[in-house]
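*Asks:* Would you mind keeping the following structure in view while I ask a few things?
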Amino acid sequence: MRAQVGHWIVVHGRTLDAPVREGRIDELLHADGSPPYLVHWLDDDRRSVVFPGPDATIVPQRPHAARSAPADGG
């Protein structure tokens with residue numbers, strides 16, 4: 001898995017009722033784009049270091065569900 005600053009991470013819940021989390025990758029902790037990433041989450045407006053698991057995908061554009069939220073988180 002490789003990412004760039006500005007890409008988006010989408011984490012799918014492991015159960016049917018679990019929400020999908022979406023966040024913008026704000027910082028790479030490795031120059032080659034490998035995990036972990038510093039992610040700004042849209043659902044709680046927090047930043048955290050993320051080691052993506054098999055339930056995560058990286059997309060270059062803002063995910064569909066996140067398009068109504070401000071890109072800068074505020």
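*Asks:* Condition first: outside any loop (DSSP other than H, G, I, E, B), within 16 Å of Q61 (Cβ to Cβ) and not charged (D, E, K, R). Now tell me which residues in region 4-38 satisfy that.
*Replies:* W8, I9, V10, G23, I25
*Asks:* Can I ask one more? Check I58 against each of (1) more than 13 Å from R2 (Cα to Cα); (2) in a strand (DSSP E or B) and name the one condition it does not meet.
*Replies:* The one condition I58 does not meet is (1).
*Asks:* Something else now. With the condition kept exactly as written, say whether any residue in region 21-33 is touching a Ser or Thr at 6+ places or on another chain (Cβ under 9 Å) and modelled with pLDDT of 95 or more.
*Replies:* So in region 21-33, the residues touching a Ser or Thr at 6+ places or on another chain (Cβ under 9 Å) come out as 23, 28.
Those still in the list that are modelled with pLDDT of 95 or more too: 23, 28.
Scanning region 21-33, I find at least one residue that is touching a Ser or Thr at 6+ places or on another chain (Cβ under 9 Å) and modelled with pLDDT of 95 or more, so the answer is yes.
The values are calculated or read from the model by the stated rules, or taken from the named source; none is laboratory data. Just so we're clear, the structure is a prediction, and the values are computed from it rather than from any experiment. Note that each Cβ is placed from the backbone with ideal geometry, even for glycine, and that neighbours are counted across all protein chains shown.
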